[in-house]
Structure formats: structure tokens, C-alpha cells
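Engineer: Dumping the structure here so I can ask a few things about it.
We did not get these values from a lab; they are worked out from the coordinates using the rules stated. The shown structure was predicted, so the numbers you read here are calculated from the model rather than taken from an experiment. Every residue, glycine as well, gets a Cβ built from its backbone with ideal geometry; the counts of neighbours run over all protein chains shown.
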Amino acid sequence: MGIEEIGKPGFRYRTDFKRPGSDLIDAYKVLMDQTGCLTGNVGDCLGRMAAMDSRIKGLSQGMKVVGPALTVKVPPSDNLMIHKALTLVKPGDVLVIDGGGDHAWALLGFLMVSTAIKLGLAGMVVDGCIRDAAEIRASGFPVFAAGINPNGPMKNGPGEINFPIQCGGQLIHPGDMIVADDDGVVVVPQAHAAGTVDKVKAVIVGEEKRLAEIIDGVTSFPGLDEMLKQKGLG
């Protein structure tokens, strides 16, 4: 069955989207397990401009997310289309929500997180607020959000699902890879996800080598003197 588009611009959804292959998703998960904090390495391989704004951070220390983005755009005070999105997710998806960065209402709480857990989502990223913070933290489910507010949302619409959105200053298309950890959230465009893996591996190897040098007493940044000479300081 093909992907259907239901509704009109501003109030519409697509029934599905193209996801990266499971092998590619697993490759990022392995790298996350290897380093424990992968976003910096991935971001360095994407021009150092792939991270969401630092407003969006994990609800608890140690939360980690790797998976393809299912995108949702909603008004700042309404979660009707987030509920609809939860009927379209597949296990391993990351629900990425553009709520305009508003801090006056929560877009979701523990009931929706409980639904996400039951459906096998990998995590949520919310450019907006959440509530029921203590219960969500206790669940261990990875939620990255711009803030916390007890005001509940309405359910009137409009909204869009599985269309490009802005979240934390980054453009996200459905199926882009989301990598999130204690340092923040990085977006890997699906078209570049496969080619970035080997680059990240090389960065990790280089950092491990440099760490060994520091332990051995080589503390000056490699090439520092030459860099300064090129800038007229030597």
C-alpha cells in the first residue's frame, strides 16, 4: 500500500514515510553504545551545525535516543495531531514535535508517554513543554523537551504529520536520523546518514588516539604552533 496524504495544507497527514534501513539505524546505536555520548562526534561530521538549540535537552541525565524522525507540527497549545501521530508510528521511531518553542502549555504528559512506550517508540523530541515530569523520569523513557509546564493542551487542531518541520532551529524531514544524549539533539539528514557512519568512526578513533597521547603527557594541541603562525602569531 502506498503512502496516502489526507487533508489540506495546515491540517493534514501522510500515512507513512520512508525510513532508513534497520542496519543503518543499528550502526548508529552501536556507536552510541561505544561512546556513551555520540552527538558531538556526529555533529562534527556534519559541518558542526546539525544540533538543535540547547533549550531542547533530556528530561533526565543519561537519556539517549537513536532512530528515524516521525514529524509532527502543532499549535503551541494543542496536541490533537500528536494523538493522531501515535496511531501512525512504528517501533523504533522518534516522535519529533514542532510546538513553536512555546513555554505556556505542555503538549504531552505521562499518559501519552505511556502510549509511546507501549508502541515501542525510541523516544520523543519536543520543541515545546511537557508535564508529569516526575512520572516520565521514573519511566526511563527518553524525552527531550524545551521545558516543563503543568498547563494542559487543547485538542482542536490544526497540525501536520510526516511533513518537514522546524525543531530547535533545525529542519527535519520524516525519516531523518535523530541522535540525542546528554549533550543535546543532532539531526542527520537521511540522504547523509549512511555516509556519515564511517566518518564518525574515524573521529572516534582519532579522539581515542588523542586521549592516549594526553595520558602520556602530550598536552599541547596537535599543530597549534603552525595554526598560530598562519594567523600571524609566530
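Engineer: So which aspartates and glutamates pass the test for K64, namely a Cα distance under 19 Å, with those fewer than 8 places away in the same chain ruled out?
Structural biologist: D23, D26, D33, D44, D53, D93, D127, E135, D176, D181, D182, D183
Engineer: Can you give me the span-like helices of the chain, meaning DSSP H runs with 24 Å or more of Cα extent along the axis and Kyte-Doolittle mean at or above -1.0?
Structural biologist: On the way: long enough: 190-215 (38 Å, 0.18).
The answer, listed by residue number, is 190-215.
Engineer: Continuing with the same structure: In what order do C167, C129 fall by count of nearby beta-carbon atoms within 10 Å, going from fewest to most? If you can, show how the numbers build up before the last one.
Structural biologist: Values: C167 29, C129 25.
If I rank by nearby Cβ atoms, fewest first, I get C129, C167.
Engineer: Under a cut-off of 19 Å between alpha-carbon atoms, report the lysines in cross-link reach of K199, not counting same-chain residues fewer than 8 places apart.
Structural biologist: Straight-line reach from K199, under 19 Å: K29, K209.
Engineer: Now for a separate question. Using a 10 Å cut-off on Cβ atoms, rank the peptides 170-182, 204-216 from the highest mean neighbour count down.
Structural biologist: Details: 170-182: 22.5, 204-216: 11.1.
Highest to lowest by the protection proxy: 170-182, 204-216.
Engineer: Now a separate question. Mind jotting down the three principal axis lengths of the chain based on Cα atoms? Whole angstrom, largest first.
Structural biologist: In descending order, the Cα extents are 64, 40, 35 Å.
Engineer: Another question, then. Where in the stretch 5-83 are there trypsin sites (Lys or Arg not before Pro) that are in a DSSP coil and have at most 16 other Cβ atoms within 10 angstrom of their Cβ?
Structural biologist: On the way: sites: R12, R14, K18, K29, R48, R55, K57, K64, K73; in loops: K18, R48, R55, K64.
Those that pass, being in a loop and sparsely packed, are K18, R48, R55.
Engineer: May I ask you to list the aspartates and glutamates whose Cα is less than 16 Å away from that of K8, ignoring any residue fewer than eight positions away on the same chain?
Structural biologist: Qualifying aspartates and glutamates at Cα under 16 Å: E160.
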